[in-house]
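Below is one structure, written out as structure tokens, with a few remarks after it.
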Amino acid sequence: AFIIAMLGSIESLLSAVVADGMTGSRHNSNRELIGQGIANMITPLFGGIPATGAIARTATNIRSGAVSPFSGVVHGIVVLLVLVLFAPYASEIPLASMAPILMLVAWNMSERHEFAHVLRTRTSDSLVLALTFALTVFTDLTTAVEVGLLLAVILFVKRMSQNLDVSKMLPDPLARHGKVKAYMVSDGHDCPQISIYTVDGPLFFGAAHLFEESLMAGME
């Protein structure tokens, strides 16, 4: 249940981010997740299954002229009417006629130029994009999202750990209130009893080794 909830939340937020890029707006993540959570708790009571925001239908709505969340409500009502009233007729629609529509929607929402641009940058972000894309094609979306998210977290931790700057400092008698300055520390001017350090950057477990190296260097 936890995995399904996490994947559903991630997929909905990714869909919302893509929709933001298409419309130039900004979604409310809290409202999106709370509404989805309430719906997914109530739906099973009526025999339904958990659902998420789908970028295919969202992109189709936006490209058809949708300008408000009410378009999603209209879409849901239309699907319900088709299911209740026209299910026998809808089942007669050949899949061969629906496949080109889905392929055209996927092609329009693929943002192929941006995709190629990210790949040409040859950075860690392009690696995550290429791996997630390959897993989506050759395995399934669930596996691709899990692996891509895990890889992105690892690369983010590594990137943040490299942004930490630790400097040893001493009071500057010429500065107002004797503020500590890094340039006061030199080979001939240091304090063996007390060490004062300034930390510039994210101080967390991923950067602990850099802080430890600075402390050891100061002790030497």
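A few remarks follow.
- For the range 72-152, Kirkwood radius (reciprocal of mean inverse C-alpha pair distance, Å): 15.7
- A cut-off of 5 Å between modelled amide H atoms, ignoring neighbours fewer than 5 places along the same chain, links ILE196 with MET169.
- Counting every alpha-carbon pair across the range 1-149, the share separated by more than 26 Å comes to 36%.
- The label-point distance for ALA99 and PHE86, in a model that sets each label 7 Å from Cα toward Cβ, rounds to 2.3 nm.
- For the peptides 137-145, 122-130, the ranking by mean Cβ contacts within 10 Å, running from highest to lowest, is 122-130, 137-145.
- Rounded to the nearest angstrom and listed largest first, the equivalent-ellipsoid semi-axes of the range 43-112 from its Cα gyration tensor are 22, 18, 13.
- When the range 1-89 is reduced to its Cα atoms, the Kirkwood hydrodynamic radius in Å: 14.2
Coordinate-derived values only; no laboratory data. These numbers come from a predicted model, not from an experiment. Glycine also receives a Cβ, built like all others from the backbone with ideal geometry; neighbour counts cover every protein chain displayed.
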